[in-house]
Amino acid sequence: MTLTVDTATPAGDGILRRQRIRESAARTYARSFPIVPVRAHGMTVEGADGRRYLDCLSGAGTLALGHNHPVVLDAIRRTLDSGAPLHLLDLATAEKDDFTTALFESLPREFAERARVHFCGPAGTDAVEAALKLTQTATGRRGALAFTGAYHGMTAGALAVTGSVAVKEPLPGGGEVTRLPYPYPYRCPFGVGGERGAELSAAYTERLLDDPSGGVVPPAAMILEAVQGEGGVVPAPDGWLRAMRRITAERRIPLIVDEVQTGVGRTGAMWAVEHSGILPDAMVLSKAIGGSLPLAVVVYREEYDGWRPGAHTGTFRGNTLAMAAGAATLRYVAANGLVERAALAGARMAARLDGLKGRLPVIGDVRGRGLMLGVELVDPAGEPDGCGALPADPALAVRVREACLERGLIVELGGRHDAVLRLLPPLTITDEQVEAVLDRLADAIEHAARAAA
Ligand SMILES: Cc1ncc(COP(=O)(O)O)c(C=O)c1O
């Protein structure tokens with residue numbers, strides 16, 4: 001059964017119909033999930049049709065505490081009731097001061113001690129632009145090193161360092177970006193898989209940068225994700241991240257780590273860089289730092305702070321409510337063991353997903369870190385590549401997403417072929433919810449795979 005708008009109540013039906021005729025053809029999630037959420041609490045979203053869904057998308061990883069967490073609502077209400085101005089460009093406020101304190105307290109100490117923060121327009125992509133501009137100003141260079149599978153946003157600079165050909169193809173120009181192979185054991189760019197692929201990626205990067213005929217003009221920065229999210233939930237090995245830190249440091253290339261999706265406990269560490277212990281030169285942060293409201297910053301080593309006043313400006317750089325909600329979220333995550341909870345619940349989910357993989361041949365790979373998990377769906381009848389990876393099955397993935405929705409589970413797709421089910425539940429997920437998610441997911445995959453056979 002395919003879920004159509006006809007199953008909604010008349011109210012929801014009208015909203016969906018008007019959305020279809022009035023909103024842009026470029027809308028995305030609204031196409032995958034034809035529901036009209038009217039209420040949400042924690043991991044549960046209730047639609048206008050009265051149905052309830054467990055939300056494993058969490059605003060693409062934004063909702064560390066789930067929907068409408070009391071601590072977040074309380075921070076927003078207190079700020080509203082205080083009479084504080086809600087919009088103040090980048091003027092000093094008590095809310096911004098408090099958010100900055102909470103943010104710096106959450107960052108790796110050695111990094112925070114010598115860091116500056118710049119408040120950006122309220123989207124991850126603007127903070128990526130700021131980080132690129134910052135390092136260009138500091139180095140006097142222009143190009144960037146970026147990785148296959150990367151996703152950094154939709155504005156020009158961020159798009160240039162993004163890997164997806166589909167989103168870049170319609171646009172003229174490509175920017176001065178050198179694309180490097182990101183380690184991906186299942187679909188190894190070197191065709192060898194495992195740890196060897198990561199070793200080759202590091203060796204290739206180093207040799208390319210040192211090759212006088214390699215075609216790479218010394219760049220302004222390297223930008224990477226410690227776990228690629230949109231790229232298909234691909235975690236980089238810690239050793240590879242340390243190699244990238246060494247390679248960039250030795251060549252005086254600033255290293256920008258994009259923690260827009262991995263930050264605030266998501267991977268089982270407050271910040272994903274903590275797994276490897278590397279200290280980047282700049283960190284790009286957004287999504288969860290605003291406690292469900294829009295907020296984005298770049299935090300960087302103070303010696304890079306040589307850009308001029310107004311070098312990266314904008315009207316909405318730091319929203320008072322988002323700062324209050326964000327500070328409350330950062331402190332709640334730290335004080336309530338939610339980082340450890342993400343590691344534990346993630347390990348539990350990964351173990352059950354691994355078991356499922358043993359049973360269901362349409363699951364080619366299960367991977368991730370903490371509560372950032374991916375299940376790559378494949379065609380078991382297809383021809384395996386040199387590393388044994390089967391062809392991705394995006395059509396099956398769409399059917400599984402639909403079957404999940406029918407079973408009251410919101411799961412989005414990602415990855416190179418849009419064949420990876422991405423699980424991003426809130427860090428507050430309970431053991432019962434873990435089991436419910438996996439029961440529904442397993443049933444949906446079995447159902448969709450049977451229908452395809
Ligand atoms: C790693 C990463 N960087 C940047 C972005 C862009 O953030 P935004 O959509 O807020 O512009 C995203 C969005 O998903 C992301 O996952």
Taking the stretch 302-339, which residues are under 16 Å from residue 135 (Cα atoms), modelled with pLDDT of 95 or more and in a loop (DSSP other than H, G, I, E, B)?
305
Which of the numbered conditions does residue 201 fail, given that it passes all the others? Conditions: (1) in contact with a helix residue (DSSP H, G or I) (Cβ under 8 Å, 6 or more places away or on another chain); (2) under 30 Å from residue 429 (Cβ atoms).
(2)
Could you grab me the full set of residues in the stretch 423-453 that are assigned to a helix (DSSP H, G or I), among the small types (Gly, Ala, Ser) and over 26 Å from the mean Cα position of the chain (by Cα)?
448, 449, 451, 452
Considering only residues that are part of a helix (DSSP H, G or I) and surrounded by 22 or more Cβ atoms within 10 Å (Cβ to Cβ), look in the stretch 206-242 and name the one that is nearest to the chain's Cα centre (by Cα).
241
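Going by the structure shown, is residue 48 surrounded by 13 or more Cβ atoms within 10 Å (Cβ to Cβ) and within 30 Å of residue 272 (Cα to Cα)?
no
Is there a residue in the stretch 137-155 that is in a helix (DSSP H, G or I), hydroxyl-bearing (Ser, Thr, Tyr), surrounded by 15 or more Cβ atoms within 10 Å (Cβ to Cβ) and touching a helix residue (DSSP H, G or I) at 6+ places or on another chain (Cβ under 7 Å)? I'd like the intermediate steps shown before the answer.
Looking only at the stretch 137-155, we keep the residues that are in a helix (DSSP H, G or I), and these are 137-139.
Filter once more, so that each one left must be hydroxyl-bearing (Ser, Thr, Tyr): 137, 139.
Among the residues that remain, those that are also surrounded by 15 or more Cβ atoms within 10 Å (Cβ to Cβ) are: 137, 139.
Okay, now just the ones that are also touching a helix residue (DSSP H, G or I) at 6+ places or on another chain (Cβ under 7 Å), so none.
No, the stretch 137-155 contains no residue that is in a helix (DSSP H, G or I), hydroxyl-bearing (Ser, Thr, Tyr), surrounded by 15 or more Cβ atoms within 10 Å (Cβ to Cβ) and touching a helix residue (DSSP H, G or I) at 6+ places or on another chain (Cβ under 7 Å).
Here's the yes/no breakdown for (1) outside the structural domain of residue 393 (by TED's automatic domain parsing); (2) in contact with a Cys (Cβ under 6 Å, 6 or more places away or on another chain); (3) among the small types (Gly, Ala, Ser):
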{"residue": "278", "(1), (2), (3)": "yes, no, no"}
{"residue": "292", "(1), (2), (3)": "yes, no, yes"}
{"residue": "299", "(1), (2), (3)": "yes, no, no"}
{"residue": "345", "(1), (2), (3)": "no, no, yes"}
{"residue": "351", "(1), (2), (3)": "no, no, yes"}
{"residue": "355", "(1), (2), (3)": "no, no, yes"}
Could you check, for the stretch 163-178, whether at least one of its residues is within 16 Å of the ligand (Cβ to nearest atom), modelled with pLDDT under 90 and within 23 Å of residue 278 (Cβ to Cβ)?
yes
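The values are calculated or read from the model by the stated rules, or taken from the named source; none is laboratory data. Owing to the predicted nature of the structure, the values given are computational and were not obtained by experimental measurement. Here the Cβ is made from the backbone with ideal geometry for all residues, glycine too, and neighbour counts use every protein chain on show.
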